[in-house]
Structures are given as structure tokens and as C-alpha cells.
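Here's the structure, in C-alpha cells; my notes come after.
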Amino acid sequence: MADEPAAAGGSAADSHDYPTIDPTSFDVVLCGTGLPESVLAAACAAAGKTVLHVDPSPFYGSLYSSIPLPSLQSFLSPDPPPSSSTAAAVAGSDSHTVVDLRRRGVYSEVETSGTVPKPARRFTVDLVGPRVLYCADEAVDLLLRSGGSHHVEFKSVDGGSLLYWEGCLYPVPDSKGAIFRDTTLKLLEKNAFYKFFNLVKAHIAATSAPADEMGEGDAAAMISEEHLDRPFVEFLTQQGLSPKMRAVVLYAIAMADYDQDGPDPSDKLITTREGIQTIALYSASIGRFANAEGAFIYPMYGHGELPQAFCRCAAVKGALYVLRMPVAALLMDEEKKHFVGARLASGQDILCKQLIIDPSYKIPTLDAPFDDPGSKFPRKVARGICIFSNSVKQGSSNVLVIFPPKSLEEEQVAAVRLLQLSSNLAICPPGMFMAYLSTPCTDASAGKQFIRKAIDALFSPQDSDGSEGHLETTSCTDDVKPTLIWSCVYVQEIAQEMSGPLLSCPMPDENLDYRNILESTKKLFAGIYPDEEFLPKKSAPVYADDDSDSAE
């Protein structure tokens, strides 16, 4: 968990407090300790490279931080950073061209309502929420391989997943037993769902078998290439799944973001191949760890623990860390062909072979666009944070809720996800709950509108005097809606990572997990060091109680 930040983008100390860094030349210099930068630092250090890792904040995590709730407003709406021109003018060099560097505005449209319960500092806020890790995904494997798992603890999302459908919350069946125990499903729905999962399970088993051991039965069990390349929703319809069951598979298991089943097909339809890959990950995650219920886990104290764990792995391998150290400018060679280093806010020049910066930085003096207008990814993600005192699912501490497209209103084109978390994760006081919401959007107003609609669907408003209002029940059960105590809704920009002479890591995206972010990070590393293995297992430090093999 981060300490109180001085400012999201500004200096945390006066220049006379900055340390002098020795040596002054490194293989790799990284600015910003977000998760991608921290994973890259660990990978570079494990490959034997000299690494300097700096961050302008007094804590680790950058855009992936977990911060005390009282600090949230200053992080989302920071004061303008001090001009770097003074620092850039110090210790000038005739051999390098100085390129000014600025922090870009990442968050906007910030709106809060209600009063934070005291003591406010006992609430820890994730900047990347809602976010979970699959038990079987690569983020967990990297933590085990690198030794980072010794620096972070997890708890399972024990309440499973819920689907918001026609004004009601329904459990997401994720096993044979769950399918037949579900009293909300009709017999025909159960049979079709069961047959579909058996078909997918047989396909996954057949494709996982070694080629030299594959028999005729395995080949027959595989779904044809023609079907794998078709839209997943067409395959589900062909299997006889009802609209509700299609929504379960598409949005609560395959985690599709955009409308897949509407009359006007989206240009972001996922293929059967992509859908089955996520189902395979989901299935492999259930039961991987004996003490984890369901497919998802969440880090104790928040997601800001993940970059800090990888930074510790990098430090063990010799990486040098300096917090409260802004980068004021970049150094470019005389021919302006590539960057050769950075000028720190202290005025000290640091040279390097490879420079990697936080995606919240921009270079106003360069003509190159920071964003890719042709990107297939959304340009924005609307996010929400809520505090309340009763679970949205009676008896469950941590639970994921999926609002499929058009479930809140007809104009809703993307899914809204809500992750409820409790005090057993040490992110809020006992008796309280926090929830994170997100939905991808191109229009900030529309995105915020759908976040508010989801909040209104699950929570009752407080009375004007701050007390709990009249008790509302859901439209299909006698369960009482939790009373909303405090909320914050805002919009985050999504800028693409940059390649070329200057590398920039990916920003937090709209996804529920880190798969795309880690894939982009691996590509960046391969571009820098194509002959080096990315965080090999032998790179992990040896611990006396190392039991990582048993978890794999």
C-alpha cells in the first residue's frame, strides 16, 4: 500500500534533497514503477543488465498504485507539475540535445458523492480496479518464477460471479455441480449448458494432448477450424444456448467487452477460438490452489502490491531504485536519431542504452503522436468506486458482478463489471465493503452514465442527513439493497504503448485481468533483448521455505 502521495505528477522534494546517483551510466533506465515497468526491470535485471528505476512519487506503482482514500482526489486531479525548464537548464551538455518532458492528464470527469466513513485512511483504493488474477494466468506464473510470490499474499473471490439479467442477480454456474444445483435454470437450459461445457472440455483436452499421442478420438473431439474462426455468439446459438446462457458464457466467463448478441453486430466480435481460450483459462484456474475458491484471486492490500513485488525481485538482482525522483527531460544524440539518457529533476544527467518511460509522460516538442488513432482498443475507460456496509450477495465477502450490454439500458454497448471486496483483504475496516466498476467507452459522459446506472441498480441512496435511507429490495427477491455511503466516478484515458527509439509501457486497460498488459510487456522486452529469456525460473532468488513448485 502506498503512503500519502505528495502529488500525482509533481516533485516530492526540493532539489537539494535529491541524491546523487552513482554510477551515471546504465544499460536500462526506467521512469515510473507501474506494473509493466516493474516487470521489465525484474526481467532486465535477471538477464544481467544494469538497471536504474526511478519514480517521481514516494511510493511504488505509478498508475497501478493502491493509495489511501484521502489521497485519491489529489491523484486523480493533481496540481499542475512545476516547470522542468529550470532543471533542464542545469548542467547543460554540448553533446546532447535536451528534449522537454511533461506529465499528461490521465484522469478526468471526476465526481464524488457522499461522505467517507472515518477513519478514511483505513480505506485503500486501487487505481486499476476492478481487477483480478486468474489462478492459472501468466501473472501468477511470473510471480512464482521470479520469486515475487514471496512478497505478496492473495485471497480468493469466494462469492464467485453474478450476472445481472432482467433486473435480477443470478449465480454464474462454473462447474457440472453448479449447473444442476442452479434453481434459476430450466431443465432444457441445464441440459444445453451441460452439453456445451462437455464439448468445450473435450476440445480443450484434445488440443492439450501432445501431437504424437493424439488418437482418432482426440481428433474427433476437436472443434473444427471453420467453427473456431466464426463469431463465438454464432457457435453458442448453434449449440442451443438460450439468450441468458449465451450472456453467461460471453460476458461472465469469456469476458467479452462489447455487445456480441445484438441485432447490429459489433465490429468487436470475439471468435470461438478466443472465447474457448478464456474458458480454458477459467477452467484451469478452478482448483489450481487448494486454498482458493473459484477461478479468481485478489492481492491482499490491493493491486499496488504487485509492482512492488517485482521491484523487490529486480533489486535483489542489482537494480537501483530511487523514489521521489522526477525525470525533467530526455537526452538525445546530436543527430537526433535516438535517446541516450535522461536528465533528472536534480539536474544530473544519466546515460543509458535503453530508456523506458511511464505512459503518463508526453514529449510536447516531438511531432510523433502519443496515441494511435487507428488502435482497436477503446480510448477511454469509465471507472467507479463505492463504499457500503452490506454485501450485494448475502453471505459473500468478495464477489464479481457482470452487467451485460443492454442490461442497464438499450444504449449500453459494453459490459459493466463490478468487483465487491471486503475487509478480509485489508483494504477497508471490518463491517465495510468497497466495490470497483469499469466499462470501456469512447464518450466520457456515456461511460459515466452506465457506471451510475449500475450503481443505482445495486445500491440504495443515503438520506440527506447521511443516514441509511428507506430499505429497497431487488425486483425479484426479498434481499435488501445495500445503502451507498460514498462513491466516485471518473474517466481514465488509455494511451497505447510506444516503440522505436523511446519505449513507453501500456497503461491500465479496461480488462479484468493483466493478460494484454503482460503480453505487451513481453513484446517490449523481446524487442530490447531478443536473445534473452523473459524472467526464467532460474532467475528467482532461493528461499529456505520455497514451495513454489507445489503451487504450479
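The values are calculated or read from the model by the stated rules, or taken from the named source; none is laboratory data. The structure presented is a predicted model; accordingly, all values stated were derived computationally and were not measured. Every residue, glycine as well, gets a Cβ built from its backbone with ideal geometry; the counts of neighbours run over all protein chains shown. Just the protein is used for accessible areas: all its heavy atoms, side chains included, with ligands, DNA and RNA removed. Shrake-Rupley method; radii C 1.70, N 1.55, O 1.52, S 1.80 Å.
Summed over the stretch 1-39, residues that are modelled with pLDDT of 90 or more and more than 19 Å from Leu101 (Cβ to Cβ) total 9.
State which residue is most open to solvent (accessible area, probe 1.4 Å) when the search covers only the stretch 334-356 and only residues that are of a type in the set (Gly, Ala, Ser) and part of a loop (DSSP other than H, G, I, E, B).
Of the residues in the stretch 334-356, the ones of a type in the set (Gly, Ala, Ser) are 341-342, 345-347.
Filter once more, keeping what is part of a loop (DSSP other than H, G, I, E, B): 345-347.
Details: Ala345: 23, Ser346: 39, Gly347: 3 Å².
So the residue we want is Ser346.
Yes/no matrix, rows are residues, columns are (1) surrounded by 21 or more Cβ atoms within 10 Å (Cβ to Cβ); (2) at pLDDT below 90; (3) under 24 Å from Leu35 (Cα atoms); (4) under 22 Å from the mean Cα position of the chain (by Cα):
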{"position": "Phe450", "(1), (2), (3), (4)": "yes, no, no, yes"}
{"position": "Asp456", "(1), (2), (3), (4)": "no, no, no, no"}
{"position": "Asp465", "(1), (2), (3), (4)": "no, yes, no, no"}
{"position": "Thr474", "(1), (2), (3), (4)": "no, yes, no, no"}
{"position": "Lys481", "(1), (2), (3), (4)": "no, no, no, no"}
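For the stretch 428-454, a residue qualifies if it is of a type outside the set (D, E, K, R) and part of a loop (DSSP other than H, G, I, E, B), and the qualifying residues are Cys428, Pro429, Pro430, Gly431, Met432, Thr442.
Restricting the stretch 161-212 to residues that are part of a helix (DSSP H, G or I), of a type in the set (D, E, K, R) and touching a Phe, Trp or Tyr at 6+ places or on another chain (Cβ under 9 Å), the residue that is surrounded by the most Cβ atoms within 10 Å (Cβ to Cβ) is Lys190. Of the set (1) in contact with a helix residue (DSSP H, G or I) (Cβ under 8 Å, 6 or more places away or on another chain); (2) at pLDDT 95 or above; (3) outside any loop (DSSP other than H, G, I, E, B), all apply to Leu408 but (3). Selection of the stretch 221-232 for residues being touching a residue at least 12 places away in the same chain (Cβ under 8 Å), open to solvent by 30 Å² or more (accessible area, probe 1.4 Å) and not in a loop (DSSP other than H, G, I, E, B) yields His227, Pro231. Restricting to the stretch 290-308, and then to whatever is at pLDDT 90 or above and assigned to a loop (DSSP other than H, G, I, E, B), can you tell me which residue is surrounded by the fewest Cβ atoms within 10 Å (Cβ to Cβ)? So the residue we want is Met300. Test Phe235 against the stated conditions and say whether it is over 19 Å from Trp165 (Cβ atoms), not in a loop (DSSP other than H, G, I, E, B) and not hydroxyl-bearing (Ser, Thr, Tyr). Criteria met by Phe235. When each of Thr86, Thr124, Thr115 is tested for being over 22 Å from the mean Cα position of the chain (by Cα), polar (S, T, N, Q) and at pLDDT 90 or above, the lone residue that passes is Thr115. Within the option set Leu250, Leu331, being open to solvent by less than 60 Å² (accessible area, probe 1.4 Å), part of a helix (DSSP H, G or I), in contact with an Asp or Glu (Cβ under 9 Å, 6 or more places away or on another chain) and not small (Gly, Ala, Ser) holds for one residue only, Leu250. Within the stretch 357-375, the set of residues being over 14 Å from Ala495 (Cβ atoms) and either modelled with pLDDT of 95 or more or open to solvent by 70 Å² or more (accessible area, probe 1.4 Å) (or both) comprises Pro364, Thr365, Asp367.
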